[in-house]
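Contents: one structure, followed by commentary.
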Amino acid sequence: MNLSTLKPADGSTKKRKRIGRGQGSGHGGTSTRGHKGAQSRSGYSRKMGFEGGQMPLQRRLPKVGFKNPFRVEYIGINLDTLQILSEKHNITDFTLETFKKLHLGSKKDKIKILGRGKISNKVNISCHAFTDAAKIAIESVGGTANVTK
């Protein structure tokens, strides 16, 4: 075997289409652009979503929905989760910093305590919001539920 005799396998490479290089190339004259019309001119660029004059998909489909720009997103933490964490880490005071350390939310997240499950330990919780059921459950075992801004 000699390096000078190496060549690609049959059919693995193709000749480049040289457009606008005379009639003999087979791609001369109109240079594969057809006759007249916007697409034959230089500087033409098709608009995004253009379907050849047919009504485009984004105009055929109806407008749907509404996204409220003032919606406040909360990260929900249930009482059963707090019960497990208070037993596992021996925590009685849950603050925003505590939730951040336990990777339940970041500095910018708003946290809301939800009422699923039961809590048996007396815990003091301060976060952005509470559901009514969660607040009642926390205060029934002697804990406090403080809303912080």
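The values are calculated or read from the model by the stated rules, or taken from the named source; none is laboratory data. Source: prediction; values computed, not measured. As a convention, Cβ positions derive from the backbone with ideal geometry for all residues, glycine included, and neighbour counts pool all protein chains shown.
Taking the conditions (1) modelled with pLDDT of 95 or more; (2) touching a strand residue (DSSP E or B) at 6+ places or on another chain (Cβ under 9 Å) in turn, SER12 satisfies each one other than (2). Summed over the stretch 78-110, residues that are under 25 Å from the mean Cα position of the chain (by Cα) and either of a type in the set (Ser, Thr, Tyr) or part of a loop (DSSP other than H, G, I, E, B) (or both) total 8. Taking the conditions (1) farther than 20 Å from CYS127 by Cα; (2) among the β-branched types (Val, Ile, Thr); (3) within 40 Å of the chain's Cα centre (by Cα) in turn, THR30 satisfies each one other than (3).
Considering the stretch 15-63, and only residues there that are among the hydroxyl-bearing types (Ser, Thr, Tyr) and not in a loop (DSSP other than H, G, I, E, B), the residue that is modelled with the lowest pLDDT turns out to be SER25.
One residue stands out in the stretch 92-137 among those that are basic (Lys, Arg) and in contact with a helix residue (DSSP H, G or I) (Cβ under 7 Å, 6 or more places away or on another chain): the one that is farthest from ASP80 (Cα to Cα), namely LYS107. A residue that is touching a Leu at 6+ places or on another chain (Cβ under 9 Å) and surrounded by 10 or more Cβ atoms within 10 Å (Cβ to Cβ) cannot be found anywhere in the stretch 27-36.
Looking across the stretch 96-132 at every residue that is touching a residue at least 40 places away in the same chain (Cβ under 8 Å) and out of contact with any Lys or Arg (no Cβ under 9 Å at 6 or more places or on another chain), the one that is surrounded by the most Cβ atoms within 10 Å (Cβ to Cβ) is identified as ILE125. Here is a list: THR92, THR81. Which entry is surrounded by 14 or more Cβ atoms within 10 Å (Cβ to Cβ) and without any contact (Cβ under 8 Å) to a residue 60 or more places away in the chain? Criteria check complete, one pass: THR81. In this structure, LYS135 does satisfy being more than 30 Å from ARG33 (Cα to Cα), modelled with pLDDT of 95 or more, among the basic types (Lys, Arg) and surrounded by 16 or more Cβ atoms within 10 Å (Cβ to Cβ). Considering the stretch 111-149, the residues that are closer than 20 Å to ASN90 by Cα, β-branched (Val, Ile, Thr) and outside any strand (DSSP E or B) include one that is farthest from the chain's Cα centre (by Cα), namely VAL141.
Of the residues making up the stretch 1-27, just one is small (Gly, Ala, Ser) and under 42 Å from the mean Cα position of the chain (by Cα), namely SER12.
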